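*Asks:* My questions will all concern the structure given below.
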Amino acid sequence: MFGWKGLLTSFSRLRRIGPKRFKGNFKIEQKQDEVFLDNNPLTDTFGRHHTYLRISLTEKCNLRCQYCMPEEGVNLTEKSKLLTADEVIYLAKLFVDQGVQKIRLTGGEPTTRKDLVDIIYNLKQIKGLESVSLTTNGVVLTKKLVELQKAGLDGLNISLDTLDGKKYENITRRKGMERVLMGIDLALQLGYDPVKINCVVMRGFNDDEVYDFIKLTEHKKLDVRFIEYMPFSGNKWEVDKMVPYNVMLAQIKSVWPDFLPLSNSPNDTSKAWKVPGFSGQVGFITSMSNMFCGTCNRLRITADGNLKVCLFGNKEVSLRDALRSGVKEDDLINMIGLAVRRKEKHHGDPNKFMEIGSVKLSQKINKVKARTRTTFSLSLRRMYSTYKKGESLTHVDAKGEANMVDVSGKDITSRTATARGSIHVGPEITRLIKENNIKKGDVIGVSKLAGIMAAKKTSELIPLCHNIFLNRIDVTATLDEVNDAVIIEATASCDGKTGVEMEALTAVTVSALTVYDMCKAVSKHMKINDVYLVKKTGGASGDHGTEIQFKSYKEVLRKKTVYVGSI
């Protein structure tokens, strides 16, 4: 987690370096050590303004869908730790006052919450809120929809992955498909236009039903949205089950050659299509093969009151704890603003997701090849920069004294270096990091930031290093649950007269030290292991190491750890 106390501390520091008091809203952007302010807490550092809030009302669900949760269900948070109806309304109003226009209620299964009608009614009383919608599995709609509509419900998304009764029981581990279909018809009769149907397409399960779902749109105002099968913890995700957007599109066009695209709004997650002459339409949600992070305007509040700025992210801040601790509204707004500004550009590397035609994760993107471990031993000289076999050490002059290398006569070339290391943290810290329960905050996120900052200050830390203008420094930190470790990798690049090995190595080292610092209250029995240079390119001494290999998803899944993007 970010930790709401940590965010307030950061905010207090910003107050001391900026105007006497930040009131209401602000924007933070780091540029040449200056802090710039704007007046929109829901706009992140990439210019994305968040106007859509999803609020989970419960962790409970009356189904056990195989791609969503294990058969035995999940451990539920005790009721006292869930947001109350009053807290939901208070937070909703807070977000609407800052610019949220649309709220979607989700779960679990939100219809299992007994006060759902009251929540919808009170949300509709919030001035400035344009729409309140609901995502549901539809099992109890025939009993509750009329009452929900009277309370003010504006829109419906109904999850339905198959039109075959036996398949429905198989995927949901429950009966009830007929009730869902009746609920869809009732929604149409009550005037919901369109009624959205969410269908997760899985190879070998329902990919042969795509045509049947499209036929539903012929005479009904339905918006059938096909969702690419995505990895979540506990759903036993398998790469070969994923059917990418372009494969579905090609199959559909083989039956309806005139299948045509519709215009989409800038923040739409669904790519809209239509069979000419049909009453409804079709959409594709391409979370895996064609990410839409660049236009994301969504924020999420979990049932236990954590703000998530990204569905795939593990960074959360507890609004519930802040609220129940009596935090003032202005500070709560500023805390939300800090969390939003920590939202990353995207939830994975968009260039490393899919080889769409073969429905397999690409192992050839950007010609990324075998990742092999190269032994690296630390020494007093700057490895692989200007040293050549048979020559004296370049950082020692003729008298044997320390000396900085003169690079004025060298050519400017493009140079890169990748370093890697790990810190063994033990099972208890591994669990706490995974659950985002380290008291100092988001261990993975802070360690990555520390690595980037350290790389930029390498010449200040290592006496004989040149001050290099970096083109880019990329740091990744991955929790290895199997080995109870955090794996850190850094790649630095520049156009210069000397290499960036030390910058990459410094980034990895400081990132690992940051993990230690943030977790030492739990245990000091941590060990930083094997900081080494994986690869360098450019420079007179030639290239070193081999290209990096990315682990396949199947290997990761065998270890019961799910990742999105590069590993």
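The values are calculated or read from the model by the stated rules, or taken from the named source; none is laboratory data. Keep in mind the model is a prediction, meaning the values are calculated, not measured. Quick reminder, even Gly has a Cβ in these numbers, built from the backbone with ideal geometry, and neighbours come from all protein chains shown. Accessible surface is based on the protein model in full, side chains and every heavy atom, while ligands, DNA and RNA are left aside. Shrake-Rupley method; radii C 1.70, N 1.55, O 1.52, S 1.80 Å.
*Asks:* For the stretch 43-114, how big is the tail of P(r) above 19 Å, as a whole percent of Cα pairs? Kindly include the intermediate steps, with their values, before the conclusion.
*Replies:* On the way: 1209 of 2556 pairs.
Summing the P(r) tail past 19 Å for the stretch 43-114 gives 47 percent.
*Asks:* With respect to the cross-link table entries Lys114/Lys167; Lys143/Lys274; Lys93/Lys440; Lys93/Lys144; Lys308/Lys448, which display a Cα-Cα separation exceeding 27 Å? Show your work: numbers first, answer last.
*Replies:* Values: Lys114/Lys167 30 Å; Lys143/Lys274 32 Å; Lys93/Lys440 29 Å; Lys93/Lys144 25 Å; Lys308/Lys448 19 Å.
The answer is Lys114/Lys167; Lys143/Lys274; Lys93/Lys440.
*Asks:* May I ask you to work out the translational diffusion coefficient for the stretch 274-332 at 20 °C, viscosity 1.002 mPa s, via Stokes-Einstein with Rh from the Kirkwood sum over Cα pairs, reported in whole µm²/s?
*Replies:* Details: Rh = 14.8 Å.
The diffusion coefficient I find is 145 µm²/s.
*Asks:* Continuing with the same structure: For Ser159, what residues show an amide H to amide H distance below 5 Å, using hydrogens built from the backbone and excluding near sequence neighbours?
*Replies:* Long-range HN contacts for Ser159: Thr136, Asn137, Gly138, Asn198.
*Asks:* Using all alpha carbons of the stretch 159-307, what is the percent of pairwise distances in each 5 Å bin, ordered from the shortest bin to the longest?
*Replies:* Result returned by the calculation: 2, 8, 16, 20, 20, 18, 11, 3, 1, 0.
*Asks:* Hey, can you grab everything whose amide H is under 5 Å from the amide H of Met242? Only 5+ residues off in sequence or another chain; H modelled, so Pro and N-termini drop out.
*Replies:* Close amide H contacts, sequence-distant or interchain: Arg203.
*Asks:* Could you tell me the accessible area of His424 in Å² (1.4 Å probe, neighbours in place), rounded to the nearest ten?
*Replies:* 80 Å²
*Asks:* Calculate the tail of P(r) for the stretch 96-150: the fraction of all Cα-Cα distances greater than 17 Å, expressed in %. Intermediate results must be reported in sequence, preceding the final value.
*Replies:* Values: 526 of 1485 pairs.
Tail fraction, whole percent: 35.
*Asks:* Just the projected area, averaged over all directions, of the convex hull on the alpha carbon atoms of the stretch 452-521: how many nm²?
*Replies:* Answer in nm², one decimal: 5.2.
*Asks:* Moving on to the next point. Treating the Cα atoms of the stretch 153-238 as identical point scatterers in vacuum, please give the log10 of the normalised Debye intensity I(q)/I(0) at q = 0.16, 0.17 Å⁻¹, two decimals.
*Replies:* Cα-only, vacuum Debye calculation for the stretch 153-238: -0.66, -0.74.
*Asks:* Now, a different point. If packing is taken as the average count of other Cβ atoms within 10 Å, what order do 502-512, 126-136, 332-342, 96-106 fall into, highest mean first?
*Replies:* On the way: 502-512: 27.3, 126-136: 17.7, 332-342: 22.8, 96-106: 20.0.
Descending mean neighbour count gives 502-512, 332-342, 96-106, 126-136.
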